[in-house]
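Working notes, beginning with the structure itself.
The values are calculated or read from the model by the stated rules, or taken from the named source; none is laboratory data. If you're wondering where the values come from, they're calculated on a predicted model, not measured in any experiment. A quick note on method: Cβ atoms are made from the backbone with ideal geometry, for glycine too, and the neighbour counts reach across all protein chains shown. These area figures cover heavy atoms from the full protein model, side chains too; ligands, DNA and RNA do not enter into them. Shrake-Rupley method; radii C 1.70, N 1.55, O 1.52, S 1.80 Å.
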Amino acid sequence: MMHVSKARARTNIALVKYWGKRDGALNLPAVGSISMTLSSLHTTTEVGFDTRLSEDTVVINGRPAQGRERERVCAVLDVVRQTAGAGHRAAVRTENNFPTASGLASSASGFAALAAAAARAAGLELPVSELSRLARLGSGSAPRSILGGFVELPAGVLADGSDCVPREILPPDAWDVRLLVAVNGRAEKAVGSTEGMERTKGTSPYYRQWVETHAADMQAAADAIRARGIARLGAVVESSCFKMHASMMAATPPILYWNGATVEVIRTVRDLRNAGLDAYVTIDAGPHVKVLCPAAQSSEIADRIAKVDGVERVIVERPGPGVEILT
Ligand code: DP6
């Protein structure tokens, strides 16, 4: 017997960053985070529990998953099986409509889609808190992709993580902003986020300050989003981004995700701001720069960024929906 379900989740980009864990086993973050769920970059995942399978099969973009990637998927499936009280193995097929592991947050959309599809295929109707717990086992940024629009994920303090549950700050259609994704390289990242976070926590002299100054950024960003204040939000977005990168650059050995075009886009955005436009950068564990701006200025800003040497293309994203069950 076979129960198949398919789900789609969009990636999200953190405006206030998550970097560091308070519990590695449960994958609980040391700091909260605030993100925008995107509209177009997404993962579609199909899960079928099948009595005839002797082990889980996991295929990502047409390739069988291996090692740590596969283990993370199986960890999510194991919890779904425990919760459903059923032991069947699963066939998982997942497709991104963009490159994997390139700093475009494929793990966030991937594990949000997996959590929703696996739960549904096992016949479970789970609340956001439970879907989020499943998604978090795969990736700390994935709970944010369960919800749409502007999302806050508190770090929480409880050992079981029951207070680390995403909540909506504003729904997708409540604020007409854009995130421009300036794609400038395809290399898979040299240092994965999990390893990078552990190294930063263990060796960076700035890690403690990163954690200690974080709560104020969370508050300021949430207030700015509610007030639809782009300049106020942009200031916090840039500060959180550069604090995170500064703390990892100071780790041993240093972690640097940027390339030359990353810096050129940062400089171009500063020039645009000096010329009176509202554009603000953020960068994740990869070379691409994402630029937050109001919808009305997005074509002008996107045109300028597209001309920067090394930028291959600019993807224009608006606030998008939370995870959806397709079948
Ligand atoms: C820089 O969620 O990929 O994108 O929990 O170890 O899987 P793990 O890390 P991951 O880290 C995301 C880091 C970031 C910032 C963010 O999205 O908040």
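Computed log10 I(q)/I(0) for the stretch 177-317 at 0.12, 0.21, 0.22 Å⁻¹: -0.51, -1.28, -1.32, from the Debye equation with unit scatterers placed on every C-alpha and solvent omitted.
Taking 2.2 N^0.38 Å as the expected size of a compact globular protein, what ratio does the Cα radius of gyration of the chain give against it, to two decimals? Walk me through the numbers on the way to the answer.
On the way: Rg = 19.1 Å, N = 327, 2.2 N^0.38 = 19.9 Å.
Ratio of Cα Rg to 2.2 N^0.38 Å: 0.96.
Residues in the stretch 2-174 average 36 Å² of solvent-accessible surface per residue, probe 1.4 Å, ligands and nucleic acids excluded. When the chain is treated as a GNM with alpha-carbon contacts under 10 Å, the residue of Ile13, Ile266, Ile283 showing the greatest mean-square fluctuation is Ile266. Between the Cα long axis of helix 193-203 and the first principal axis of the chain there is an angle of about 60°, rounded to the nearest 10.
Here the Gaussian network model covers the chain, with springs between Cα atoms less than 10 Å apart; of Pro172, Pro287, Pro205, Pro205 fluctuates the most.
Considering only GluC sites (Glu not before Pro) in DSSP loops that have at most 16 other Cβ atoms within 10 Å, the longest stretch of the chain without any of them is 189-311.
Charge dipole of the stretch 136-222 (Cα centre as origin; +1 on each Lys and Arg Cβ, -1 on each Asp and Glu Cβ, all else neutral): 320 debye, rounded to the nearest 20.
Placing R0 at 41 angstrom, the Cβ-Cβ distance between Ile325 and Asn274 gives a FRET efficiency of 0.35 after rounding to 0.05. Loop-resident trypsin sites (Lys or Arg not before Pro) (DSSP state other than H, G, I, E or B) in the stretch 1-44 with no more than 12 further Cβ atoms inside 10 Å of their Cβ are absent.
Applied to the stretch 283-295, the Karplus parametrisation 6.51 cos²θ - 1.76 cosθ + 1.60 on θ = phi - 60° returns per-residue 3J(HN,Hα) values of 9, 10, 7, x, x, 5, 9, 10, 10, 8, 7, x, 3 Hz, with x for Gly and Pro.
Where only DSSP H runs of four or more residues are counted, the chain gives -11500 deg cm²/dmol as its mean residue ellipticity at 222 nm, each run worth -39500 (n - 2.57). Taking 15 Å as the cut-off, the amide N atoms of the stretch 23-62 that come nearer than this to a point 7 Å along the Cα-to-beta-carbon line of Glu95 belong to 41-47, 59-62. Amide H contacts under 5 Å for Asn12: Leu38, Ser109, restricted to partners 5 or more places along the chain or on a different chain, H placed in the peptide plane at 1.01 Å from N. Ranking Met218, Val289, Ala159 by how far each Cα lies toward the positive end of the dipole of the chain (charges on Cβ) leaves Val289 at the top. Placing a pseudo-label 7 Å from each Cα along the Cα-to-Cβ vector at Ala306 and Gln209 gives an inter-label distance of 4.0 nm. All C-alpha pair distances within the stretch 2-174, sorted into 10 Å bins from zero, spread as 11, 42, 35, 11, 0 percent across the bins.
Normalised by the number of residues in the stretch 2-174, the mean separation of alpha-carbon contacts (under 8 Å, six or more apart) gives a relative contact order of 28 percent. For the stretch 2-174, carbon and sulfur atoms together expose 51% of the accessible surface, with a 1.4 angstrom probe and every protein chain in place. At most 14 other Cβ atoms within 10 Å and a DSSP loop assignment: could you name the trypsin sites (Lys or Arg not before Pro) in the stretch 293-327 that fit? Answer in residue order: Lys307. I want the local charge near Ser5. Using Cβ-Cβ distances under 14 Å, sum +1 for each Lys or Arg and -1 for each Asp or Glu among the other residues. For residues surrounding Ser5, the net value is 0.
The modelled label-to-label distance for the pair Asp160/Leu256, using points 7 Å beyond Cα in the direction of Cβ, is 4.6 nm. Taken along the Cα-to-beta-carbon direction at a fixed 7 Å, the label points for Asp176 and Arg68 span 4.3 nm.
Run the numbers on the chain and let me know its relative contact order in percent, using alpha-carbon pairs under 8 Å that are six or more apart.
For the chain, the relative contact order is 25 percent.
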